[in-house]
Amino acid sequence: MSEHQETQAAYKIEVRNVSFDYEDKKTKFAALRSVDLKIREGEFICILGASGCGKSTLLSLLAGLHKPSAGEILLDGRHVKGPGTDRAVVFQQYSLFPWLTVKGNVLFGIRQSGRKLGRAQRMELAESYVESVGLSGAKDRYPSQLSGGMKQRVAVARALALESDVLLMDEPFGAIDPRLRLELQELVSKLCAEHKKTVVFITHDVDEAILLADRIVVMEPGRIRSILKVRLPHPRVREELAGTEEYEKLHRQLISAFYDQVEEEIDAEVAL
């Protein structure tokens, strides 16, 4: 088997020695430095880290919104050269079209997928995705008529309607109140498992990462600090997890990684 075939068979996504610099006429900032990450098909990966550590930059590279300054990113063994319908993206700010209804926004995702479907098929499929996120009763409303949690449900439905294998999510629940956040976490976990998605989910919430992930990638500024496997069965319910030995152990490891990172940054500033 060739190296290309072996990569394609073993991994859905490969990030190989990737660096990325933000630069303008006056300054240059290294956002990522020599990042390596391999993700298998069907994995749910949470990338965890403090603000400014490069989480969203890495996701934008996976989405093809930026190109690495060095290194390469492979999807199914092929180089990522730009955005594509093989990857659906959900952002924190919803990005819904205000002139389209709930159903209309989901229909847009179906049309973007490029599938050759008749009008009746598209409408039926849109209805099914709207129903899957619990919004059948609001399908004819416009985004301005929806709460924040409802808007994010529409964004998830539209992303699923694209029917891509890969779902990229950039802190999608960061601006939602705690109760709705719990509901959406459980919804996304359920739907991604049903649709067999490979998911990369950005968060700075330790509990959210434990609830959702198969593996948690802990980032420090510009690089991956560690990767932890979550050895907890699915489906997961937060109330049932809290207090179990495995949950507490993983929680301590993740919190420790954050505190160690902060202490190292303080030491570095003192040394300057």
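The values are calculated or read from the model by the stated rules, or taken from the named source; none is laboratory data. From a predicted model like this one, the values you see are computed outputs, not experimental measurements. Ideal geometry is used to build each Cβ from the backbone, glycine not excepted, and the neighbour counts take in all protein chains shown. Just so you know, the surface numbers come from the protein's heavy atoms only, side chains and all, with ligands and any DNA or RNA stripped out. Shrake-Rupley method; radii C 1.70, N 1.55, O 1.52, S 1.80 Å.
Per-structure values
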quantity: Search result, residues across region 236-254 that are open to solvent by 50 Å² or more (accessible area, probe 1.4 Å), in a helix (DSSP H, G or I) and modelled with pLDDT under 85; calculated: Arg238, Glu239, Glu240
quantity: Selection count, region 112-132, where residues are within 24 Å of Thr203 (Cα to Cα) and either free of Cβ contacts under 8 Å to residues at least 40 places away in the same chain or surrounded by fewer than 17 Cβ atoms within 10 Å (Cβ to Cβ) (or both); calculated: 0
quantity: Pairs with Cβ under 6 Å, 6+ apart, first in region 163-191 and of a type in the set (Gly, Ala, Ser), second in a helix (DSSP H, G or I); calculated: Ser189/Leu212
quantity: Counted residues, region 41-56 - those being modelled with pLDDT of 95 or more and surrounded by 18 or more Cβ atoms within 10 Å (Cβ to Cβ); calculated: 4
quantity: Whichever residue in region 20-38 is part of a strand (DSSP E or B) and open to solvent by 80 Å² or more (accessible area, probe 1.4 Å) and, among such residues, is nearest to Leu74 (Cα to Cα); calculated: Lys38
quantity: Region 163-181 - residue that is in contact with a helix residue (DSSP H, G or I) (Cβ under 7 Å, 6 or more places away or on another chain) and modelled with pLDDT under 90 and, of those, most open to solvent (accessible area, probe 1.4 Å); calculated: Ala175
quantity: Condition check for Gln92: touching a strand residue (DSSP E or B) at 6+ places or on another chain (Cβ under 7 Å) and either modelled with pLDDT under 90 or open to solvent by 40 Å² or more (accessible area, probe 1.4 Å) (or both); calculated: yes
quantity: Yes/no for Leu96 being touching a residue at least 12 places away in the same chain (Cβ under 8 Å), of a type outside the set (Ser, Thr, Tyr), over 21 Å from Leu65 (Cβ atoms) and in contact with a helix residue (DSSP H, G or I) (Cβ under 9 Å, 6 or more places away or on another chain); calculated: no
quantity: Filter result for Ile216 (surrounded by 16 or more Cβ atoms within 10 Å (Cβ to Cβ), touching a residue at least 12 places away in the same chain (Cβ under 8 Å) and aliphatic (A, V, I, L, M)); calculated: yes
quantity: Selection from region 102-111 of residues that are open to solvent by 30 Å² or more (accessible area, probe 1.4 Å) and farther than 15 Å from Val156 by Cβ; calculated: Arg111
